[in-house]
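Before any comments, here is the structure.
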Amino acid sequence: MKKIAIVGASGYSGEELVRLLLSHPHVELSAVTSRQYAGQPLARIFPRFAHHPRTATLCFSEPDVAQLAQQAEIVFLALPHGVAAEYARPLLQHGSIVIDLSADFRLRDPAVYQEFYAHDHPAPELLGQAVYGLPEFYREQIRTASLIASPGCYPTGILLPTLPLLKAGLIQPTGIIANSLSGVSGAGRKAELDYLFCECNESVRAYGLPKHRHLSEIEQELSLAAGTAVTIQFTPHLIPVNRGILTTLYLTPTTPCRNSAEAAAVGEKIAAAYRAAYAQEPFVRLLEGRALPDTKNVTGTNVCEIAWRLDPRTGRLLVVSAEDNLVKGASGQAVQSMNIRCGFPETAGLM
């Protein structure tokens with residue numbers, strides 16, 4: 001049993017980590033931290049876990065690095081960007097394995113971090129050793145990583161459908177458009193006017209235009225796959241549901257598909273690329289026939305659904321994905337990376 005700690009366990013992603021790790025067959029959740037709730041029993045703050053035998057003695061504590069390093073071999077950081085790096089550096093010096101759910105180690109270039117997050121990177125010397133925690137594409141690097149940067153929710157829903165097509169040269173790296181709709185939990189557990197019930201309910205709105213901060217890691221990974229700089233148009237929307245992200249991508253095939261015959265030929269190549277990438281992947285579900293991704297089918301799971309349609313009328317390829325922003329888009333994907341790093345079955349605690 002590996003001992004695990006969660007720093008920042010009182011947020012939505014932290015709570016989801018608690019849920020997944022309490023029932024994980026190969027780990028023991030030994031420490032949960034929260035400055036706000038330090039000293040209080042976990043079961044009092046999250047009554048949904050009160051029945052679990054492991055919560056009987058588990059209390060929130062202050063995030064003390066030296067103590068965490070003694071209590072756990074692996075530490076999850078469920079903290080805001082800019083704050084996570086302050087804990088990652090000393091934890092790594094103590095020999096801990098760090099899995100960070102913030103944006104602090106997702107980018108390779110500190111100048112890009114400064115551009116999108118509006119402050120200097122707090123630990124640029126660590127960027128070279130961080131591994132981007134998208135298991136379907138960085139599995140081998142994750143196996144030996146000491147610092148894993150778990151991807152953002154929007155990037156996961158955009159990269160999983162797009163990377164196989166770029167790598168296979170089936171779509172143009174230019175003119176990519178992504179529209180995403182996210183549940184309110186994506187904004188985190190905080191009391192702000194924009195996210196109050198009366199402001200969100202019965203309302204749909206775009207935000208973060210024209211340069212949402214997740215663009216930085218999306219474009220980084222797409223550029224690496226394409227072998228050239230990729231710039232995309234990305235529009236996120238807030239929708240009145242608790243959780244889930246639906247993304248629609250508008251892509252241009254490299255081979256024209258102006259009629260049904262051309263579309264059929266291109267379609268065969270697209271289907272083959274997706275099968276080659278995901279046929280053996282436990283958490284990517286390729287939909288067939290008339291089925292399209294639906295957030296209700298992935299909520300609470302670590303699964304990303306993907307479906308696609310070619311439109312001969314416009315010559316465009318439409319790809320749709322759905323995921324749970326708190327599971328595959330955050331905590332579940334982080335646990336998936338932990339499973340790989342520790343040599344556990346990749347699906348452990350996630351099925």
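Read-outs: derived from the displayed coordinates by stated rules, not from any lab. In this text, all values refer to a predicted model and were calculated from it rather than measured experimentally. Here Cβ is always computed from backbone atoms with ideal geometry, including for glycine, and neighbour counts include all displayed protein chains.
General observations
- Counted charge near Val65, where neighbours are those whose Cβ lies closer than 10 Å (Asp, Glu -1; Lys, Arg +1): -1
- Among the chymotrypsin sites (Phe, Trp or Tyr not before Pro) in the stretch 1-110, none sits in a DSSP loop with a Cβ that has at most 12 other Cβ atoms within 10 Å.
- Residue order, fewest to most surrounding Cβ atoms within 10 angstrom, among Tyr278, Tyr195: Tyr195, Tyr278
- Placing unit charges on the Cβ atoms only, positive for Lys and Arg and negative for Asp and Glu, gives the stretch 154-325 a dipole magnitude near 240 debye about its Cα centre.
- Qualifying trypsin sites (Lys or Arg not before Pro) for the stretch 129-208 [loop in DSSP, other Cβ within 10 Å: at most 16]: Arg143, Arg189, Lys190
- Cleavage-rule hits (trypsin sites (Lys or Arg not before Pro)) in the stretch 251-288: DSSP loop, at most 13 neighbouring Cβ within 10 angstrom: Arg258
- Charge tally around Ala130: other residues with Cβ under 10 Å, Lys/Arg +1 each, Asp/Glu -1 each, net 0.
- The chain: most fluctuating residue of Thr247, Thr301, Thr174 per GNM, C-alpha cutoff 10 Å: Thr174
- The stretch 16-33 and the stretch 65-79 have Cα centres lying 13 Å from one another.
- DSSP assigns beta bridges within the chain; of those with both partners inside it, close to 45 percent run antiparallel.
- Sorted by Cβ density within 10 Å, fewest first, the residues Ser102, Ser182, Ser150: Ser102, Ser182, Ser150
- Value at 222 nm in deg cm²/dmol, rounded to 500, when DSSP H runs of n ≥ 4 in the chain each add -39,500 (n - 2.57): -9000 deg cm²/dmol
- Centre separation in Å (Cα based) which lies between the stretch 261-279 and the stretch 176-233: 28 Å
- Dipole size of the chain about its Cα centre, with +1 on Lys/Arg Cβ and -1 on Asp/Glu Cβ: approximately 580 debye, rounded to the nearest 20.
- Calculated from backbone phi, Karplus (6.51, -1.76, 1.60) coupling profile of the stretch 40-50 in Hz, x at Gly/Pro: 9, x, 4, 5, 6, 7, 10, x, 4, 9, 4
- Going from the residue with the fewest nearby Cβ atoms within 10 Å to the one with the most, Cys257, Cys200, Cys153 rank Cys200, Cys257, Cys153.
- In order through the stretch 55-72: 3J(HN,Hα) via Karplus (6.51 cos²θ - 1.76 cosθ + 1.60), integer Hz, x for Gly, Pro: 8, 4, 10, 8, 10, 5, 10, 5, x, 9, 4, 4, 5, 4, 5, 7, 7, 9
- Local electrostatic count, Asn302, Cβ distance below 9 Å [Lys/Arg +1, Asp/Glu -1]: -1
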